[in-house]
Structures are given as structure tokens and as C-alpha cells.
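J.: Input: one structure, supplied below.
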Amino acid sequence: MSVVVVGAGLAGIACAAELVAAGVAVRVLDRADHVGGRMATRTVDGRAVDTGAAYFTVRDPEFAEIVARWRTAGLARPWTPELAVLSGDGPGRSPGPMRWSAPQGLRSLVEHLAVGLSVELNREVCRVGPGPTVDGESTDTVVLAMPDPQAVRLLHPSLRAYEAAAGRSWRPVVAVAAGFETRSWGELPAAFVNDHPVVSMVADDGARRGDAAPVLVAHTTSEVARKYDADPDGAIPEVLDALSQLLDVRDEPVWTRAYRWRYAAPEADRDVPFLLGRDGVALAGDGWGSSRIETAWRSGTLLGRELARRHRAS
């Protein structure tokens, strides 16, 4: 069996890792110049800033084993068991499972898992067709580990995966990162923002990273993201105004950056962890389950195991 995985986010890398462990030949292709997908980390002003996912949680015992390896390697750390809630009714708290962060950025976790895999970066795939084929090249199985709207653009309409992915709505987000001279806000690991027209979440990146840097990262509402889809930088003034209202941040930032995520999260969950059609085309990612980092790992891992099982049975 030979498998091509399109997408080097956590789901694609987890799937490939399972297959390689089972002795299956795998190629991972991604149009970006790095792995990680929406576990995105950018270097700004000489420092890593998480501009995609904000944190991750751990429920699955097997995922906990992976996280333990990341922690031993110094790549992951427990961050906070409680987030703030900001709303018109005043501040509140949102207790829950431990939220984990990554001192070097969430992308470093995917990079760690990708060690030893055959990953081809800057490789844009244009068409996945029956056969299955990837840009006309035959393979036994193709895995598309990406949001549904991106998969639909690649898939031939005759494929089962096309039918499963077509028409599914995803929420957009613009992530705005802002660096300041000093920390003028109080203690704030991160906060959900309820009923605000501009911001849906804000994270203290210095607290998240563990270096106390005066950096905030805010995620916009879907409405604001759609408004500034063609010009993400246009969202920056509105987000800074919102931070002034919500956290009483009065200082002007030293730098700002905006990052557009057209497909940040699906509008609705699925109750199955992946799709594997008889036509040899599969779908995986955080859209298969509830949208979490852990879901992406579980989706890719379980799909990889099923493909490995079929390989052993053939």
C-alpha cells in the first residue's frame, strides 16, 4: 500500500506517523513552507506568537501519552484550568479541564511528531481524482487532512468525500496579535468574550508562553472576519478599540499583525472520527468530531490505524 496525505497539520502528521509505524509508505504534501496547519506560530519581533489555535485540552488517554512526551521534551506545559469570561454582565470565570500551551509555540508540537516522516513542503495539490490520483499520479489511498471547503476545491465531484464535505459551513476568524512596551492589563490567562460585536476571545500570549511578554492575541467574531476577509489588517483598529473596552488597555501597541483564517472551525460537529471511502479517498481533521486539537490528533491517528489494518489484511 502507498498513501499520500495532503495537509501537514496535526491530523495529517498523526495519520502519517501511524502508517509509517506500520510499515506503510507515506508521502505528506503541503502547500505551506512549514508543518502545523492551524496550530500556527509566527515569529514576531524575535519571539514566537501563537496566531491560530489558542491552547489544547487532554481527555483521550492515548493523546495524554503523546502530550507527556511533548512535556518531557520541554515542548508542552499545563497552562491554566480556568479562563475568564468577559461580557456585558461583568467578568466571570469558566472552569474546565486544564488548558495546555507550548513555550515554543503550538507548531513545535506538530514538528516534533513529524520527525522522520517524508514531508514535501511548498507542494500545492491541484486535483484529487478517481483512481485515486493526486494531480494525475496514481496511489492506493489519498488522505485529505484539511477543512471541508479546502478539500472540496481539490476533489472530483464523483468521489464520496466530495459529497461528504460539500456545503458544510465553517466559521472564519481574524487573529490580531499586538505587542506592547509594558503589561498594562491585570492577570489574564485568556478570556472568552460573550456577546461582543468584534472580539470572541483574547489570550495573554506572555502568560501562555510563560515568558510574561506584553503580547495579546485576540480572535474576532465571524462577522468581523467576513467584513475584513479581503483586508485582514483592516480589523486591527476595531480589535484594539475592543481591547481598550474589555481590558482597559490604553497604551498604543509597538507592533500589530493580523492573520486571516477563513476556515477556523466548523459550524457543527460530526459524530464519526474520519471518512474512508471505498474509492480510496479519505477525510480527516478537527472537523471530524468536536473542533479541538485533540480531535485532529484522534482523527488522523484512528484513520492511520484503519489504513494500517487494511494493509496487514491485504
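Read the figures in this text as sums done on the coordinates, not as results from a lab. Computed from a predicted structure; not experimentally measured. Note that we place each Cβ from the backbone using ideal geometry, even for glycine, and neighbour counts take in every protein chain shown.
J.: Answer yes or no: is there a residue in the stretch 103-120 that is touching a strand residue (DSSP E or B) at 6+ places or on another chain (Cβ under 6 Å), surrounded by fewer than 18 Cβ atoms within 10 Å (Cβ to Cβ) and free of Cβ contacts under 8 Å to residues at least 40 places away in the same chain.
T.: no
J.: List the number of the failed condition for Val85; all other conditions in (1) assigned to a strand (DSSP E or B); (2) in contact with a Lys or Arg (Cβ under 6 Å, 6 or more places away or on another chain) hold.
T.: Only one criterion in (1) assigned to a strand (DSSP E or B); (2) in contact with a Lys or Arg (Cβ under 6 Å, 6 or more places away or on another chain) is unmet by Val85, namely (2).
J.: Shifting gears a bit: Can you tell me which of (1) free of Cβ contacts under 8 Å to residues at least 24 places away in the same chain; (2) buried (at least 18 other Cβ atoms within 10 Å of the Cβ); (3) more than 19 Å from the chain's Cα centre (by Cα) is the one Asp204 doesn't meet?
T.: (3)
J.: For the stretch 101-198, please list each of the strands (runs of 3 or more DSSP E) lying entirely inside it that holds at least 2 residues being closer than 30 Å to Arg77 by Cα and either touching a His at 6+ places or on another chain (Cβ under 7 Å) or of a type in the set (Asp, Glu) (or both). Step through it out loud before you land on a result.
T.: Values: elements: 141-145, 170-179, 190-193.
Passing ranges, in order: 170-179.
J.: Enumerate the pairs (first residue in the stretch 295-314 and in a loop (DSSP other than H, G, I, E, B); second residue anywhere and hydrophobic (A, V, I, L, M, F, W, C)) with beta-carbon separation below 9 Å, excluding pairs fewer than 6 apart on the same chain, so at least 6 apart or on different chains.
T.: Pairs that qualify, where the first residue is in a loop (DSSP other than H, G, I, E, B) and the partner is hydrophobic (A, V, I, L, M, F, W, C), are Ser314/Met1.
J.: Assess whether Gly74 counts as being surrounded by fewer than 13 Cβ atoms within 10 Å (Cβ to Cβ) and in a loop (DSSP other than H, G, I, E, B).
T.: Working: surrounded by fewer than 13 Cβ atoms within 10 Å (Cβ to Cβ): yes; in a loop (DSSP other than H, G, I, E, B): yes.
The answer is yes for Gly74.
J.: Just to check your reading of the model, which residue among Ser222, Ser291 is within 30 Å of Val28 (Cα to Cα) and of a type outside the set (Asp, Glu)? Even if it seems obvious, please write down each step before you answer.
T.: Working: Ser222 fails: within 30 Å of Val28 (Cα to Cα).
Among Ser222, Ser291, only Ser291 is within 30 Å of Val28 (Cα to Cα) and of a type outside the set (Asp, Glu).
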